[in-house]
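Report on one structure; see the data block that follows.
The values are calculated or read from the model by the stated rules, or taken from the named source; none is laboratory data. Please read these numbers as outputs of a predicted model, since none were measured by experiment. Heads up, the Cβs are rebuilt from the backbone with ideal geometry, glycines too, and the neighbour counts pull from every protein chain shown.
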Amino acid sequence: MATTPVVDIHTHIYPTTYLTLLRSRTKVPYLLDLPGKLAPPRLIILPSDDDPALPAHQRGRPIDSSYSSMNQKLDFMKTHGITTSVISLANPWLDFLSPEEGPQWAAKVNNELEDICSTSQNSLYAFATLPLSASSSRITGEIHRLQSLAHMRGIILGTTGLSQGLDDPALEPVWSALESAKLLIFLHPHYGLPSSVYGPRASEYGHVLPLSLGFPMETTIAFTRMWLSGVFDHHPKLKVLIAHAGGTVPFLSGRINSCVQHERHFPENEGGGRGPKRGLKEVLRENVWLDAVVYSPTGVRAAVEVVGKDRVLFGTDHPFFPPLDEGKEEWMSVDTNVQAVKEAFGEDKQGATKVLGGNAIELLGLDVAGDG
Ligand code: URA
Ligand code: ZN
């Protein structure tokens, strides 16, 4: 019997090349092997993880084989009925490299992702990574090269761009190259908010505040800056997939719009000509896709309401958010997102099916077995 394809567009990996890079470093981000290698190495990913007062096994986060093993990714897909995954390098990508180092590592990582996908019988595609610390000609050079890699469907992008954020005019050639290459931008958070906002008791709550609130706010601010600076006016065909159902963009889009309309600083409100020309509503309906990694039907409904039901795509965020009980095969985080989609669509089974796979197949031109 033919099956309905389920496509996971938000699923990460630290390929071997990247782990080698992290192991070679002593500054954040770096990988710390524990003595005797009895426990998984620790990824020191944020400056706050790099606390020499803590013993090595308590610094950063453990990076077990699920972060790099493709066999484990394929088993995970099988367990959860996922037909196809679009894999991407996990944060913090290559943001931290020097301008000289960036391009060669980007090429190595992207080639490894392509190799992984090309031996997967079309069950894997990828979003590439860019050498954002390099000159814009090296970045656009890599974008052009990606077009020769058969399984690349876009690029994953953090919120800092070339270091000054996504409203940086220096990003113009990069947006142009991505627009003409028709590569989707997967906008994903990493840096969160300044730790001071979490207060002196932050450590009592583990990663709850940075992951549940810092990540979505970081994404919301990055996308809003991109829109405010006119990126979508200059690049009307640019395509952006925003992680975690757009952060808080769906909920706050009315408020963002209203603040623009009431901003006296924008001369166009008094007959002048600054500020974005294409409204937020239009950009959300024409340039933006949202993933459904939001863990509630309310979040899925909000996403659908602002971008439309053809523009919301299922994801898992694997290998993050595994079950706390290590023996468990089914992941609560995945089940919550699948149920959220089904509940949000109710009787509209076809709508749910499209979010779970059909929309991604259409948007990314995936060759997927099944009857759709
Ligand atoms: N999800 C991610 O993609 N990255 C993290 O660091 C944590 C959760
Ligand atoms: Zn993610």
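Filter segment 1-58 down to residues that are within 16 Å of ligand 2 (Cβ to nearest atom) and aliphatic (A, V, I, L, M) and give me whichever is farthest from F186 (Cα to Cα). Step by step, filter segment 1-58, then rank; the result is L43.
Within segment 259-275, none of the residues are within 16 Å of ligand 2 (Cβ to nearest atom), surrounded by 14 or more Cβ atoms within 10 Å (Cβ to Cβ) and touching a residue at least 12 places away in the same chain (Cβ under 8 Å). Of all positions in segment 309-320, none carries a residue that is modelled with pLDDT under 95, away from ligand 2 (no atom under 16 Å from the Cβ) and among the basic types (K, R).
Return the residues of segment 54-77 that are among the aliphatic types (A, V, I, L, M) and touching a residue at least 60 places away in the same chain (Cβ under 8 Å); say none if nothing qualifies. Residue satisfying the conditions is M77 alone.
Of the residues making up segment 84-103, those that are within 16 Å of ligand 1 (Cβ to nearest atom) and closer than 17 Å to I143 by Cβ are S88, L89, W93, L94, D95. Within segment 304-333, restricting attention to residues that are free of Cβ contacts under 8 Å to residues at least 60 places away in the same chain and within 19 Å of G81 (Cβ to Cβ), which residue is nearest to ligand 1 (Cβ to nearest atom)? Per the stated criteria, the residue is F321. Count of segment 117-126 residues, restricted to those that are part of a strand (DSSP E or B) and more than 14 Å from I87 (Cα to Cα), is 0. Of the residues making up segment 1-60, those that are away from ligand 1 (no atom under 16 Å from the Cβ) and basic (K, R) are R23, R25, K27, K37.
The set of residues in segment 1-30 being surrounded by 13 or more Cβ atoms within 10 Å (Cβ to Cβ) and of a type in the set (A, V, I, L, M, F, W, C) consists of V6, V7, I9, I13, L19, L21, L22, V28.
For (1) in contact (Cβ under 8 Å) with a residue 24 or more places away in the chain; (2) within 16 Å of ligand 2 (Cβ to nearest atom); (3) touching a helix residue (DSSP H, G or I) at 6+ places or on another chain (Cβ under 9 Å); (4) not charged (D, E, K, R), each residue gets a yes or a no:
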{"position": "V86", "(1), (2), (3), (4)": "yes, yes, yes, yes"}
{"position": "P92", "(1), (2), (3), (4)": "yes, yes, no, yes"}
{"position": "S98", "(1), (2), (3), (4)": "yes, no, no, yes"}
{"position": "I116", "(1), (2), (3), (4)": "yes, no, yes, yes"}
{"position": "Q121", "(1), (2), (3), (4)": "no, no, no, yes"}
{"position": "A128", "(1), (2), (3), (4)": "yes, yes, yes, yes"}
{"position": "L132", "(1), (2), (3), (4)": "yes, no, yes, yes"}
{"position": "T140", "(1), (2), (3), (4)": "yes, no, yes, yes"}
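May I ask you to verify whether P210 is touching an Asp or Glu at 6+ places or on another chain (Cβ under 6 Å), closer than 17 Å to P92 by Cα and crowded, with 17+ Cβ neighbours inside 10 Å? Considered against the rule, which asks whether it is touching an Asp or Glu at 6+ places or on another chain (Cβ under 6 Å), closer than 17 Å to P92 by Cα and crowded, with 17+ Cβ neighbours inside 10 Å, P210 comes out as no. Against the test of being more than 16 Å from ligand 2 (Cβ to nearest atom), buried (at least 17 other Cβ atoms within 10 Å of the Cβ) and farther than 27 Å from P173 by Cα, the options Y198, Y205 yield a single qualifying residue, Y198.
Within segment 239-251, the set of residues being farther than 18 Å from G192 by Cα and in a helix (DSSP H, G or I) comprises P250, F251. Remark: pairs (first residue in segment 149-178, buried (at least 17 other Cβ atoms within 10 Å of the Cβ); second residue in a loop (DSSP other than H, G, I, E, B) and among the β-branched types (V, I, T); Cβ separation under 7 Å; 6+ apart in sequence or on different chains) = L166/T159. Residues in segment 189-230 that are touching a Lys or Arg at 6+ places or on another chain (Cβ under 9 Å) and closer than 25 Å to S258 by Cβ: W227, G230.
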